[in-house]
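The values are calculated or read from the model by the stated rules, or taken from the named source; none is laboratory data. Not measured: the values here are computed from a predicted model. Every residue, glycine as well, gets a Cβ built from its backbone with ideal geometry; the counts of neighbours run over all protein chains shown. These accessible areas exclude ligands, DNA and RNA; they are computed on the full protein's heavy atoms, side chains included. Shrake-Rupley method; radii C 1.70, N 1.55, O 1.52, S 1.80 Å.
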Amino acid sequence: MAVPDGLGSPPDPAAVIAYVEVAAGSALSAAHAAVPGDLPIERAACASDAIRSAVARSRAGQRASVVLGAHELVGALAALGEAAATRTPVTVHVVERRGGPAVGRDDLAPALDVGAGVLVTWSSQEAADMALVARRAAEDSETPFLHLVDAMPSDVAALGAVRDLAARFLGGDRPAPTFTDAAPGESDGDGGPRPQSRGVARKRAERSFSARVPFALTSAMRELCELTGRPLGALERLDTADAEEIVLAVGCAFPAAREVVRSLRAQGRRIGLVGLRAIRPFFGADLVKTLGRARAVVVIEPLDVPLAPSGPVTAGVKAAFADALTWAPGFPGVGRIPPIISATFATIDGTITEREVRLSLAEIASGERARRHVVFGSDG
């Protein structure tokens, strides 16, 4: 493994992200996130200003990205929503520094509704790969991407060669944006006033641009997989073909769940694991195909929305099964919806552990009487 000097060993995910983006030719902005001092970076007064600076650079034809700390995301959502409204292909990486007690990733839930792509990774290697994927998908779809890195520091393969990889994968200059933001009252070309407001013009364009996102993302993942030989997809599957029980894990839940599943499989239990990398777009039909034969599903997502009936990923899974049950086009037909247990985290002591995965799985033994929402890290 070749790791550039200054990134640490094993390298911190924030350092990896920053190095990859600079190697890809991106102008890097940040407010308070820790980024290696030897990398060129523009410091902004706050996270919103960092995103707006990146948007201005991107609209001028330059690749631009932002690195934020997890605590900065909620305050920056309006700026990210503006980037989505103007079809600006910036990438925003949010890095949670795992170590001591912290709140669950409750910043994730409101971020799902701003119109950006949302990706989640669980290791430094995943973060490096998905930084390139997010960049390519953002440019191909003219849609900003939010990349949440929910990982402890870990090794990365051949990071020193990432500049050559980025050049092959991304090409040279980024394509110029095709969306023109219309101002209210702007001429329609014949001297008359523009009939729709800026908001209407943006909204009309939104669906046509966002329709490109699933194809842009899957094709970017497939091409990077071909270049590197590392498996990469919206879903990471482990032992699901014959599984009677399946764990669907998000972010830092995946490494812990992988160890538990391997241990239980060795004991003869027919259990499988799915890691979810893409939350927006949400690949509901693919999830139903993978989970549909299980007699029970446990969704472990490192966040908590106190007044919601489940975590947002669980809600998406249940909606996908409802579509499949009612024969929605594009979905496989199913005859039943398995019990789906949502495990969320109000607080996390460092990272999700194997103990919490096993406690989540223990609910399956209760059958139809199993709790459908289990919350860890709460005094309630």
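Summary of values
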| item | result |
| --- | --- |
| Selection status of A18, within 20 Å of the chain's Cα centre (by Cα) and farther than 23 Å from G171 by Cα | no |
| Counted residues, the range 26-48 - those being buried (at least 17 other Cβ atoms within 10 Å of the Cβ) and either in contact (Cβ under 8 Å) with a residue 60 or more places away in the chain or part of a strand (DSSP E or B) (or both) | 6 |
| Evaluation of H147 against (1) closer than 27 Å to I300 by Cβ; (2) part of a loop (DSSP other than H, G, I, E, B); (3) not small (G, A, S) (one fails), failing number | (2) |
| Lone qualifier among P309, P339 - being open to solvent by 10 Å² or more (accessible area, probe 1.4 Å), under 24 Å from the mean Cα position of the chain (by Cα) and more than 27 Å from A127 (Cβ to Cβ) | P309 |
| Qualifying residue in the range 233-248 (condition: acidic (D, E) and under 16 Å from the mean Cα position of the chain (by Cα)) | yes |
| L303 modelled with pLDDT under 95 and farther than 20 Å from L148 by Cβ | no |
| Failed condition for R202, given (1) of a type in the set (K, R); (2) in a helix (DSSP H, G or I); (3) surrounded by fewer than 16 Cβ atoms within 10 Å (Cβ to Cβ) | (3) |
| Any hit, the range 131-145, residues being farther than 18 Å from A216 by Cα and open to solvent by less than 40 Å² (accessible area, probe 1.4 Å) | no |
| Filtered residue count, the range 211-243, keeping only those that are surrounded by 19 or more Cβ atoms within 10 Å (Cβ to Cβ), in contact with a Pro (Cβ under 8 Å, 6 or more places away or on another chain) and farther than 20 Å from L287 by Cα | 0 |
| In the range 49-103, residue modelled with the highest pLDDT [restricted to those that are assigned to a helix (DSSP H, G or I) and hydroxyl-bearing (S, T, Y)] | S53 |
| Only listed residue being charged (D, E, K, R) and outside any helix (DSSP H, G or I), chosen from D113, D129 | D113 |
| Of the criteria (1) surrounded by fewer than 24 Cβ atoms within 10 Å (Cβ to Cβ); (2) modelled with pLDDT of 90 or more; (3) among the hydroxyl-bearing types (S, T, Y), which one S9 fails | (2) |
| Every residue from the range 151-174 that is surrounded by fewer than 16 Cβ atoms within 10 Å (Cβ to Cβ) and of a type outside the set (G, A, S) | D155, R163, D164, R168, D173 |
| Residues being surrounded by 24 or more Cβ atoms within 10 Å (Cβ to Cβ) and part of a strand (DSSP E or B) - total across the range 244-254 | 5 |
| Number of positions in the range 205-217 that are part of a helix (DSSP H, G or I) and either touching a residue at least 12 places away in the same chain (Cβ under 8 Å) or hydrophobic (A, V, I, L, M, F, W, C) (or both) | 9 |
| Hits in the range 134-162 - residues which are within 17 Å of the chain's Cα centre (by Cα) and under 14 Å from S26 (Cβ atoms) | A134, R135, R136, A138, E139, P144, F145, H147 |
| Qualifying residue in the range 66-74 (condition: open to solvent by 20 Å² or more (accessible area, probe 1.4 Å) and within 17 Å of D113 (Cα to Cα)) | yes |
| Residue match in the range 313-329 (condition: open to solvent by 60 Å² or more (accessible area, probe 1.4 Å), farther than 21 Å from L359 by Cβ and touching a Lys or Arg at 6+ places or on another chain (Cβ under 9 Å)) | yes |
| Residue within the range 76-88 that is open to solvent by less than 20 Å² (accessible area, probe 1.4 Å), touching a Leu at 6+ places or on another chain (Cβ under 7 Å) and either among the basic types (K, R) or more than 30 Å from R198 (Cα to Cα) (or both) present | no |
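Listed here are the residues, each with its yes/no results for (1) without any contact (Cβ under 8 Å) to a residue 60 or more places away in the chain; (2) of a type in the set (S, T, N, Q); (3) farther than 22 Å from V103 by Cα.
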{"residue": "I337", "(1), (2), (3)": "yes, no, yes"}
{"residue": "F345", "(1), (2), (3)": "no, no, no"}
{"residue": "S366", "(1), (2), (3)": "yes, yes, yes"}
{"residue": "H373", "(1), (2), (3)": "no, no, no"}
{"residue": "G377", "(1), (2), (3)": "no, no, no"}
